[in-house]
Amino acid sequence: MESGTRVSGIRGLWVKEYCDFDKLTVEKIVLPVLEPKQVRIRVQAAGVSFAANLVVAGKYQRKPPLPFTPGTECSGLIIECGAEVTRFKPGDRVCAALDWGAYAEEAIAWEVNTYPIPDNITFTQATNFNSYATSAAALTWPHLLDLQDGQTLLIHGAAGAIGLAAIDIAKIIGAKVIATASTEEKRNAALKQGADHVIDYSDGNFRDEVNDLTNGSGANAILDPVGGDIFVQSLRCISMEGRICPIGFTSGSAAQIASNIVLVKNVTVCGLNMGTYYGWSPNDVRYEMEDRVRNLMTAFKRWGSAEKIRPQVFATFPLDNFKQAMALTLSRKSIGRVAFVMN
């Protein structure tokens with residue numbers, strides 16, 4: 001197929017107007033013209049996310065132009081390369097962070113946001129790539145948690161895709177992991193992934209147990225995707241000169257920072273929005289940040305090839321069952337990734 005030709009007849013989810021996710025339809029769509037620095041991917045799997053639900057409803061900070069196909073994380077086989085693509089060729093197994101368009105049989109991705117996956121990682125497992133990139137950035141970048149061998153990491157919401165990825169990476173580093181989760185099933189999953197201790201935080205009380213497990217010193221580093229009161233209480237069980245990295249607020253509310261505790265304990269609060277590094281912010285910095293992100297994805301491939309990580313997939317759905325897939329994701333009952341699989 002000649003570069004610059006539109007591809008039609010591809011099945012995908014289609015957003016004609018901002019609406020509830022379950023009001024979408026699966027339709028025959030037309031892909032955009034492939035640009036010189038883009039690749040076309042035959043999608044094998046795509047990650048289902050909370051963010052996609054917000055994007056479809058028009059409630060996310062980034063609004064794709066209507067109409068569009070939602071979804072930002074996919075894996076599959078490259079079937080076409082733009083004229084200026086140098087890293088990939090047709091047939092390569094890849095995962096990609098898309099601006100949108102993942103929930104379809106084929107998708108267009110920028111080369112800069114496309115990454116190879118190891119042969120021993122399945123396409124559905126590979127939809128966890130952003131969870132590993134986010135966790136690796138939060139745990140290892142010097143301006144964030146900078147987790148070291150022998151330190152203690154507290155992970156909230158530890159049975160989610162990011163939490164399980166963070167357990168894997170923390171154990172590679174050599175850290176001690178305390179994981180919080182709301183159900184026994186989720187706590188067992190965190191233990192199976194490698195957490196040293198688990199805590200039931202369903203009643204909102206966990207600080208005393210964290211302090212007991214650390215002999216009163218508190219956790220050196222805290223990864224918090226929950227926010228709200230969980231963040232506030234985390235400051236009560238963080239060590240002197242500890243670091244806490246908020247990466248979201250699944251509780252539905254952003255935390256109010258107790259600056260007196262931050263001051264007295266010399267605590268560093270360091271947020272992470274991974275989407276910025278993929279170019280999903282108003283000031284598109286994907287090319288300036290390419291090396292940093294690609295280093296994370298190189299580590300993902302290396303860890304996967306060495307079987308040091310275990311990306312977890314909780315459930316898969318065909319695209320036609322998109323309502324059930326999103327309902328499960330929003331229920332917060334999943335352990336690890338929920339993914340679409342394409343025929």
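Only Cα pairs within less than 10 Å get springs; with that Gaussian network setup on the chain, which residue of I199, I261, I117 has the largest fluctuation?
In the Gaussian network model the winner is I261.
How much of the DSSP bridge set in the chain is antiparallel, in percent, rounded to the nearest 5? Numbers along the way, then the final one.
Working: 31 of 54 bridges.
Around 55 percent antiparallel, to the nearest 5.
Multiply the residue separation of L77 and H143 by 0.36 nm, subtract the distance between their alpha-carbon atoms, and state the gained length in nm to one decimal. Numbers along the way, then the final one.
Numbers: separation 66, 0.36 × 66 = 23.76 nm, distance 3.49 nm.
Separation in residues times 0.36 nm, less the Cα-Cα distance, equals 20.3 nm.
If you count the DSSP beta bridges with both ends in region 131-272, what percent of them are antiparallel, to the nearest 5?
On the way: 0 of 18 bridges.
For region 131-272, the DSSP antiparallel bridge percentage is about 0.
May I ask you to sort C19, C81, C74, C270 by Cβ crowding, counting other Cβ atoms within 10 Å and putting the fewest first? Numbers along the way, then the final one.
Working: C19 12, C81 22, C74 32, C270 16.
Final ranking by Cβ density, sparse to dense: C19, C270, C81, C74.
Given the Cα-Cα distance of Q256 and N321 and 0.36 nm per residue of separation, how much length would full extension add, in nm?
On the way: separation 65, 0.36 × 65 = 23.40 nm, distance 3.86 nm.
Extra length from Q256 to N321 when fully extended: 19.5 nm.
Can you tell which of K333, K176, K59 shows the greatest fluctuation in a Gaussian network model of the chain with Cα springs below 10 Å?
K59
Rounded if a/c is under 1.5, else prolate if a/b beats b/c, else oblate: with a ≥ b ≥ c from the C-alpha gyration tensor eigenvalues square-rooted, which is region 131-272?
Values: a/c = 1.28, a/b = 1.15, b/c = 1.11.
The shape class here is rounded.
Which entries of K59/K89; K37/K171; K28/K186; K16/K308; K176/K301; K63/K323 show an alpha-carbon separation above 31 angstrom in the structure shown?
K59/K89; K37/K171; K28/K186; K16/K308
What is the spread of the Cα atoms of the chain along each of their three principal axes, largest first, in whole Å?
Each principal axis gives a Cα extent; for the chain these are 65, 39, 36 Å.
When a footprinting reagent is the concern and you count Cβ atoms within 10 Å, what order do H156, H197, H143 take, fewest first? Write down the numbers at each step before the final one.
On the way: H156 28, H197 19, H143 10.
Neighbour counts put them in this order, fewest first: H143, H197, H156.
None of the figures in this text is laboratory data; all of them are computed from the coordinates on show. Nothing here was measured: the structure is a model prediction, and the numbers come from that model. Methodologically, a virtual Cβ is constructed for each residue, glycine included, from the backbone with ideal geometry; neighbour enumeration extends over all protein chains shown.
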